[in-house]
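The values are calculated or read from the model by the stated rules, or taken from the named source; none is laboratory data. Just so you know, these numbers come straight off a predicted model, no measurement behind them. Neighbour counts are summed over all protein chains in view; Cβ atoms, including those assigned to glycine, are modelled from backbone coordinates with ideal geometry. Note: accessible area is taken over every heavy atom of the protein model, side chains too, but ligands, DNA and RNA are not part of it. Shrake-Rupley method; radii C 1.70, N 1.55, O 1.52, S 1.80 Å.
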Amino acid sequence: MEHDLPEPPWRTPRKQPARRSLSREAIVEAAMGVLRKEGIDGVSMRRVATELSTGAASLYAHVANKDELVELLFDEVVAEIPLPEPDPARWREQLTQLWVDSRAALMRYRDIARAALGSVPLGPNALRVTETTMQLLRLGGVPDQAIAWATDVVGLYVSASAVEGAMRAQREEGRLDARGRYIQGEDQARQLQEYFAALPADRFPTFVALLPHLTTGTDDERFRFGLDLLVGGLTGLATGPRAAGP
């Protein structure tokens, strides 16, 4: 983690560790291990304290509660997103790749993307990703108001897609059908196709007509399709390239 930015006023102030092995960094590192194995629901102050061979009370001097800990975890994950050197000639390509890389980083840590839904990620690494996103959009000539709103819209899309992917992966780890058999991705798609095909054509003519297309494509293909829609819409708002800066 980098500490060159001011701490948000609502975050627990840093303190010198009472003992050498316990610090905010050590707590976050231990919590990351829990997150990888058990997801957000498995992360608790007591659980992390156990990983550190200490009591939960000793953690509160460094992290206020689970919510703050999850915020720190989210920003730690976001640090893994590679940031491009903005190029006005490649702003669309760079934006798309940035958002693809963002989703990939979130999905490496189970359901951590849930932390970005219903809140504004304001850790130093999240701020850098947002800054790069806004800079690329400005270089492309997208109006400032559209940039401000698009940053929120795309963040929701990327996070929701990552959450959905994590949920699907979790279901496929051990989902049973009515006969007690595990349902894998292909089986689930086949069951959906069979269900849609059984719909009465006179009442659901569009469903029936689109049946060959409804369950096609991988998660990655569908995600890229959504990004193409978003980038295409933003491109349509662009008034022409402009220099970086205010």
Report summary line: For SER44, the accessible surface traced by a 1.4 Å probe with all protein chains present amounts, in square angstrom to the nearest 10, to 40
Query raised in the report: Relative to the present Cα-Cα distance, how much length would full extension add between THR50 and LEU211 at 0.36 nm per residue of separation?
Result: 52.9 nm
Query raised in the report: Looking at the range 187-222, which trypsin sites (Lys or Arg not before Pro) are in a loop (DSSP not H, G, I, E or B) and have at most 12 other Cβ atoms within 10 Å?
Result: ARG203
Requested in this report: Return, for the Cα atoms of the range 49-154, the radius of gyration and Dmax in Å, separated by a comma.
Outcome: 16.5, 54
Query raised in the report: Which trypsin sites (Lys or Arg not before Pro) from the range 39-128 combine a DSSP loop assignment with at most 14 other Cβ atoms within 10 Å?
Result: ARG108
Query raised in the report: Cβ under 13 Å from TYR157's Cβ, TYR157 left aside: what net charge do those residues give with Lys, Arg +1 and Asp, Glu -1?
Result: 0
**Report entry** Hz values of 3J(HN,Hα) by residue in the range 222-236 - Karplus curve (6.51, -1.76, 1.60), Gly and Pro given as x
**Finding:** 5, 5, 5, 4, x, 4, 4, 4, 5, 5, x, x, 5, 4, x
Query - the chain, helix-only ellipticity at 222 nm - DSSP H runs n ≥ 4, -39,500 (n - 2.57), divided by all residues, nearest 500 - result: -18000 deg cm²/dmol
Report summary line: Counting only protein heavy atoms with a 1.4 Å probe and every protein chain in place, the carbon and sulfur fraction of the accessible surface of the chain in whole percent equals 56
**Report entry** Residue-normalised accessible area of the chain, given per residue in Å² at a 1.4 Å probe
**Finding:** 58
Query raised in the report: Fully extended, how many nm does the chain gain between TYR60 and THR218 (0.36 nm per residue separation, minus their Cα-Cα distance)?
Result: 52.6 nm
**Report entry** Efficiency of FRET from Cβ geometry, VAL100 and MET167, R₀ 22 Å, rounded to 0.05
**Finding:** 0.65
Requested in this report: Compute the Kirkwood hydrodynamic radius of the chain, taking the inverse of the mean of 1/r over all pairs of distinct Cα atoms, and give it in Å to one decimal.
Outcome: 20.7
Report summary line: Note: THR151 to ARG11 extended length (0.36 nm per residue) minus current alpha-carbon separation gives 48.0 nm
